[in-house]
Every structure is written in C-alpha cells, then in structure tokens.
Amino acid sequence: MSRLCPLPTIMVAPNGARRGKADHPALPVTIPEIVETARACHAMGAGAIHAHVRDAAEAHVLDAGLYRELIAEMARAIPAMPVQITTESAGFFTATQQRALLREITPEGVSIALAEMLADGDRAAARRSYHALSEAGVAVQHILYDATQVGTLAAEIAAGTVPVSDVQVLFVLGRYSSGQQSNPAMLAPFLDAAQNAGLRPDWAVCAFGQAETACLRYALSQGGKARVGFENNLHMLDGRLAPDNSARVREISEQLNVLAPDSDRASFR
C-alpha cells in the first residue's frame with residue numbers, strides 16, 4: 001500500500017502550475033529547490049509533498065522523466081516523505097495527455113481533477129487509467145472544485161469508472177483566479193454533498209488567499225486534512241508575506257497542535 005494511504009494530516013504544495021519567482025523568490029521551480037523546500041517543510045510537520053515539475057523555462061509540464069528525477073532525489077534526500085505528482089491541465093493539457101503521463105510513471109500518489117479526466121467523455125479510457133493506478137497501488141486523490149462534483153464522483157464510482165476502495169478527495173475552496181479569497185463557509189456544501197451521496201472519503205482541503213490558515217484550521221476541526229503552500233497562498237495568518245513554504249507549514253502545524261486536545265471533532269472516518 002502507498003505511504004499516501006491514508007492522506008497525511010498536512011501536505012505541502014510548494015509551487016503549483018502558475019506562480020513563479022516573480023511572485024515570490026522562495027517559490028521552488030527546479031528539482032533541487034523543490035527537494036530543499038520539501039526538507040524544510042518536512043521538518044515543520046508536512047507529511048508529504050504535492051509537487052509540480054517545471055521545464056527549462058519554468059513552465060508547468062506533465063513530464064514523466066522530470067517526475068522520476070524528482071522522486072529519486074526525494075527518496076535519496078528525504079526518504080520518509082512521499083511524493084504526490086499531479087496531472088493538472090492548467091488550461092493546457094488534455095485528458096489524453098494526462099492519461100499518457102500515468103502510463104509512463106507509477107508514483108506513490110497522484111492528484112487528478114475529476115472534471116479534467118472526464119472532460120473528453122471517454123469513460124472507457126478514464127476507467128482503464130483509474131483501475132490501472134488502483135492495481136499498481138497508487139494513491140489517487142480526486143480534486144473536486146465544487147460540491148456538484150462530489151455527486152459526479154459518487155456516480156462514477158457506482159458506474160465502475162473509479163474504483164471504490166480508499167477514496168481520497170481534495171475539496172478546493174475557490175478557484176485559481178486573480179484575487180481569489182477563500183473562506184471557511186465554502187467547506188459546508190462539500191461536506192453536505194458527500195453525506196448526501198453516501199461518500200465517506202479520506203478528505204483534505206486547500207484554500208486561496210489570506211484566509212488559507214482559517215480555512216485549513218476549520219477543515220482540521222471538522223476531521224479533515226490540510227494542503228498548504230505557495231501554490232494557493234503566499235501570506236501568513238496576520239497578513240504578512242510568508243518568508244517561505246516552511247513558514248506556512250509551521251503555522252498550520254501550530255493550528256493542529258491547538259486542535260489536538262479536542263476529541264469531539266466531526267469526521268467522515
């Protein structure tokens with residue numbers, strides 16, 4: 001079984017597909033930078049890394065060779081920290097290209113946006129991809145951008161497109177858009193939809209903007225898990241620009257420590 005089953009309580013997302021050095025000089029884009037960032041974040045409490053790789057022009061790419069290089073470097077430098085890769089389209093890559101990446105590499109974990117994987121309507125190809133990953137022991141985290149997609153996931157599980165075992169999801173509170181500011185109230189529709197659909201997933205949350213910490217604290221208080229980092233937000237709880245990703249991880253770890261004594265948190269699990 002993948003070390004990403006179940007999801008770690010805190011996963012760091014240090015770069016994403018869109019931001020670069022112009023947004024923050026400490027945002028990692030090269031493989032050595034990603035590894036060093038992961039090392040610092042692991043020390044602050046991140047149990048895994050959600051990683052995007054970049055090409056020579058620092059653009060987001062779905063490149064199996066670069067991912068293999070990153071995974072090998074992570075195994076050498078931080079063997080206790082699993083790597084979750086991504087198939088994110090970022091508006092460029094098709095479902096066919098996403099599935100091609102997954103035929104070329106077998107990572108411990110991968111995040112797949114459900115809507116992107118199903119975008120071309122080829123359910124047979126999606127089924128083959130999802131089931132091959134399951135058979136290989138890859139931990140798949142389904143990225144859900146709104147509450148209606150929870151119902152879609154439940155329907156695809158019922159139809160056999162998505163394997164039913166060990167369902168992991170990421171509830172995305174908001175959108176990748178300029179000025180997006182998430183808030184904790186955005187979580188309720190996802191939780192309601194999951195309950196209504198009869199899903200009891202291993203779930204985590206990511207959030208955008210300066211309320212990221214408040215959103216993740218609320219998710220943790222509800223029995224969820226947190227994905228934190230410069231992919232979604234560059235600021236600390238008090239509004240200061242974060243010095244680096246490890247500072248963001250440390251702040252969420254501190255929030256978790258405050259919540260730890262509360263044994264009455266609600267949970268799907």
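Nothing in this text is a laboratory measurement; each read-out follows from the coordinates by a stated rule. Please read all numbers here as calculations on a predicted model, not as lab measurements. As a convention, Cβ positions derive from the backbone with ideal geometry for all residues, glycine included, and neighbour counts pool all protein chains shown.
Provide the FRET efficiency to the nearest 0.05 for the residue 235-residue 57 pair, computing r from the beta carbons and using R0 = 22 Å.
About 0.25, to the nearest 0.05.
In segment 86-197, inverting the average of 1/r over every pair of distinct C-alpha atoms gives 14.6 Å as the Kirkwood radius.
Based on the Cβ-Cβ distance from residue 68 to residue 185, what FRET efficiency comes out when R0 is 30 Å, to the nearest 0.05?
Working: r = 41 Å, r/R0 = 1.36.
FRET efficiency, residue 68 to residue 185: 0.15.
Working value for the chain: equivalent-ellipsoid semi-axes of 25, 23, 17 Å, each the square root of 5 times a Cα gyration tensor eigenvalue, largest first. Among beta bridges identified by DSSP and lying wholly in segment 10-257, the antiparallel ones come to about 10 percent. Distance between the modelled labels on residue 254 and residue 175, one decimal in nanometres: 3.3 nm (7 Å Cα→Cβ projection). The reciprocal of the average 1/r between distinct C-alpha atoms defines the Kirkwood hydrodynamic radius, which for segment 1-54 equals 11.8 Å.
If the chain linking residue 92 and residue 247 were pulled fully straight, counting 0.36 nm for each residue of separation and taking away their Cα-Cα distance, it would gain 52.7 nm. Remark: segment 128-140, residue by residue, has Karplus-estimated 3J(HN,Hα) of 4, 5, 4, 6, 5, 5, 4, 5, 7, x, 7, 7, 9 Hz, where x stands for each Gly or Pro and the curve is 6.51 cos²θ - 1.76 cosθ + 1.60 at θ = phi - 60°.
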